[in-house]
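See below for the structure under consideration.
A short reminder: the numbers here are calculations on the coordinates, not readings from a lab. Note that the structure is predicted; figures quoted are calculated from it, not measured. Cβ placement follows ideal geometry from the backbone for every residue including glycine, while neighbour counts extend to all protein chains displayed.
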Amino acid sequence: HNAAPPPSGYPAPGQAPMIQQQRFIVIPNYRLWNTIQLTPIKSNIKAFLIISGIFYMIWGIIAFGLEIGIITSAYLTYYRGIWAGVFLIGGGISITTNAYFRPTWIDVNLSVVHSNVRLLKEYIGEKVHLMAVVKGNGYGHGMLEIAEASISASATWLGVASLDEALAIRSKISYDIPILVLGYVAPQYITLARQFRITVTGISLEWLQEAARIAQQPFDFHLKIDTGLNRLGLTTIDEVQAVMKMVSLNPNLNCTRVFTHFSTSEDIQNTSYFRQQLASFHTFLNVIPDRTNKIIHCATSGATLYQPQKPFFDMVRLGNALMGPPNETLKYLLPMQLQNALSLHSILDLVKQLNPGAKVGYGSEYTATQHQWIGTIPMGYADGCHQQFRATNVLVDGKRVPIIGRISMDQLMVALPRKYPTGTRVTFIGQQGNETILADEIAQKANQSRLETLITLRLFLIKISEQGIQSLAYALSHNQTLTTLYIEGTPISLEELQYISNALQQNKVLTKLHLRFNQIDSQGTKYLAKTLETNKTLTTLYLGINKLGPQGVEYLSNTLLKNQAITTIELENNHIGDQGIKYLEYALRHNHTLTTLDLSLNDIGVQGAQDAANILLKNKRLTIFMLNYNHIGIHGTQSIAAALMKNDTLCTLQLGHNQIMDQGAHYIAAALKKNRTLTRLYLEGNDIGTEGAQQLANALRQNQTLIEIHLGMNSIGSEGAKQFANALLTNKTLSGLFLERCTIGLQGLQFFSEVLRENQTLTTLDFSNNGITDRGVGFLINLLAENRVLTTLILKSNCISIQGAKHLINAIIKNKTLMTLDLSNNKIATGGNERFIEIFQTHLEMKIIF
């Protein structure tokens, strides 16, 4: 919206609101993040965008948690990031819902974006390309809208984070505009990217080697050099030289551009690291042959606007600068006057006068000292406007007015200098008259910082010194927002674990702690266990792939006798043995909170299986029990099956790779006939043959609670497949059947194709690695012609050719209910996939993997 006055459909002072369809609406859904409603979206890409939105939400939290700028599952940098944390943490995905009747909205002025891009282009010069980076839904401003505005103002490239984003843009943007995916693209999708003129990034030597192996046609890529950010990219001269040699020998590898990414480009006080990265980049460039034919780029918004070296090369990548000053505190350094494109507004939905002594809001924390006018505004903490923002102001009639009282879920109150009409516009971010409120001001008044918005921290395969662990522990003891911490693949000494344990005594908010693959031994576990005896907030503890042994598990078991908060413990691959599970069995007789226990890969034998059975008999809280890759065998399975007959709480049991064989399957089948709570059963890789399959299939005819059974890597054969197919004629609850590598063959497939025409419950079917070939595709086509329930079909590694895949996809289009088809690792050539391209263009709601 380009106009300063209220756009049509939203009220001027004193007017009632009207329906407005082209509007950014803040929609409260009371979850973690918030999205904004964009202009109406084509129906055939709605589902695609929702899935992409979920992915970027998770990716944004993990990768960009320190700058938690989520508006539409995205991030904004620095104070923009803080502003997103200020107003839009909370909510959920509502991209297909129009909240026309809630008068709280965001305006994005595309004319400002256009003007900013023109000014930036004039600054960098005519010979330098401008890439408009619109990842993360255009930094929360609308990916397609920002892309179109930037192109109209002379941007010549678009940059995105993923292939999903690139495909969404390509459905609206001309093929004349090249798109670069700055993040990871799996090598098997290179052909898809090439068909849509989407350029990928060469992120490592290993990635390029795999791409060279897969590629059947030439494709362009930008080679990324890691000069110190330590994310994606090649890190050594030797790697770059190896890539250049590969390019010279393989005509399908076309390295058209080389780039890097700076980590401190906005730091104007200490530029040493920036200069170090830039010098390193020059060193790498010196070993790249024929540079004159390649475009070089490294400057992002910060490097372009604030660094005196002006490392423009042939192209600059500009993201948040398109929407306004990247950093308001450095605005005085800008060589041009960039304007903010985004503003946030609402209305006064009620105005009333208070008498002296009147209380306002929950907790009665504000008391009127005189006759006073107040207004109510439809925005609250569900929209991310949390309690710490009570110290801030909003604009009403061009004047600053303070927020008073406690902010509630969907409303807040302000003190007014006089009576205003209902419907008067309120501005949280933006300008009214001569007054302006910026995100920086709100953040500063609320004492908001990057750390205060951090909720997940992942440290994986990073060597951390003892001092680093000590510093992290100190921060953890004072932090009030971090709920999930990963420290994985980092050897932790006894002293370092003491630091972490001491921090957990002080921390009152952390709920999930992942300490996998850290070489933690029994003595380290002792410190951790002692701390957890009194901790009342931690609910999830992952200690897999360590060295706890039976002694370490004894310490944890003693903790479980006292701790009433932990609900999930993962102890995979800790060599606890039968003795270790005996300690746990005793503890779980008395523990009433643990619901999930993973003891996979722990050398548990027959005696340990007996203790596992005792857990199922005596504990009434455990719902998920994982015992994969142990040595339970037939007799151990007999004990567990007997316990299952009496257990009435367990929902998921994993017994994969335990040599249970046909006799063990017989015991499990007997239990399934009596058990009434188990919903998911995993029996992969257990040497179960036709006889065992028949027993399990017979059990399914009687069982009415199981919804998933996983039998992959068992030799059930075509006869076993027939038994399961027949069981589906009477079973009315099973929704997932997983038969990967079960030697069912064409005959077994035929049995299923006949039965599933009538089945009304099975939604997921895995026939991977079963020798289906193109001959079996005909059976699947017949199945899909009549079945209207199946939504996911997994056919990996079945020697299906491109022709067979095309016939299958045509059947899926007619079927209209199957949404996911996995054809990976088949004989589908990477070239000539026109039919696949057509599907991606016209059926973006489908997920096809090949």
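So here's what we get for this one:
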read-out	value
Around Pro308: net Lys/Arg minus Asp/Glu count, Cβ-Cβ under 15 Å	0
Fully extended contour minus Cα-Cα distance, from Ser111 to Thr456, at 0.36 nm per residue	120.6 nm
For the stretch 573-673, size of Cβ-based charge dipole, Lys and Arg +1, Asp and Glu -1, in debye	380 debye
Check: the stretch 110-333 dipole with +1 on Lys, Arg Cβ and -1 on Asp, Glu Cβ, in debye	260 debye
Karplus-derived 3J(HN,Hα), 6.51/-1.76/1.60, for each residue of the stretch 521-528, Hz, glycine and proline x	9, 5, 5, x, 4, 4, 4, 5
The stretch 110-333, relative contact order in percent, only Cα pairs under 8 angstrom and at least six apart counted	19 percent
Relative contact order of the stretch 347-445, defined on C-alpha pairs under 8 angstrom at six or more residues apart (%)	30 percent
Relative contact order of the stretch 455-603, pairs being alpha-carbon contacts under 8 Å that are 6 or more residues apart, as %	19 percent
For the stretch 338-344, 3J(HN,Hα) per residue [Karplus equation, 6.51 cos²θ - 1.76 cosθ + 1.60, θ = phi - 60°, Hz, x = Gly/Pro]	7, 10, 6, 8, 10, 9, 10
Whole-Hz couplings from phi, Karplus 6.51/-1.76/1.60, listed for the stretch 107-122; x for Gly and Pro	9, 10, 8, 6, 5, 5, 4, 4, 5, 4, 5, 4, 5, 5, 5, 4
Radius 9 Å from Cβ of Leu130, net charge of other residues (Lys, Arg +1; Asp, Glu -1)	+2
Length gained when the stretch Thr422-Thr511 is fully extended (0.36 nm per residue, less Cα-Cα span)	27.7 nm
Among Asn731, Ile744, Gln694 the positive-end extreme of the charge dipole of the stretch 641-783 (Cβ point charges)	Asn731
Approximate spin-label separation Gln309-Asn270, in nm, with each point projected 7 Å along Cα-to-Cβ	1.7 nm
Inter-probe distance in nm under a simple model that places probes 7 Å from Cα toward Cβ, at Asn810 and Asp176	3.6 nm
Net charge of Cβ neighbours under 13 Å - reference Asn591; Lys, Arg +1; Asp, Glu -1	+3
Linear extension gain, Met645 paired with Lys547, 0.36 nm per residue minus alpha-carbon span	31.9 nm
Sites Gln337 and Thr677 - FRET efficiency at Förster radius 56 Å, r taken between beta-carbons, to 0.05	0.25
Ranked packing of 683-695, 127-139, most packed first, by mean Cβ within 10 Å	127-139, 683-695
Reach of Lys732 by Cα under 17 Å, taken over aspartates and glutamates that are not fewer than 8 positions away in the same chain	Glu708, Glu754, Glu758
Peptide ranges 394-403, 576-585 listed from the most packed, as the mean C-beta count within 10 angstrom indicates	576-585, 394-403
Euclidean distance between Cα centres, the stretch 294-371 to the stretch 724-800, Å	54 Å
Between the stretch 138-190 and the stretch 393-437, the Cα center-to-center distance that results, in Å	37 Å
Ranked packing of 771-783, 749-761, most packed first, by mean Cβ within 10 Å	771-783, 749-761
Förster-model FRET efficiency, 30 Å R0, Ser364 and Gln480, C-beta, rounded to 0.05	0.75
Above-threshold pairs, the threshold being 19 Å between Cα atoms, out of Lys796/Lys827; Lys121/Lys224; Lys806/Lys827; Lys806/Lys847	Lys121/Lys224
Sites Ser465 and Ala212, calculated FRET efficiency, Cβ-Cβ separation with R0 45 Å, nearest 0.05	0.75
Cross-link partners of Lys127 among lysines (Cα-Cα below 21 Å; sequence separation of 8 or more within a chain)	Lys294, Lys310
Rounded, prolate or oblate (a/c below 1.5 giving rounded, otherwise prolate when a/b exceeds b/c) for the stretch 688-850 by Cα gyration tensor	prolate
The stretch 601-642: C-alpha gyration tensor shape, a/c 1.5 cut-off, then a/b vs b/c	oblate
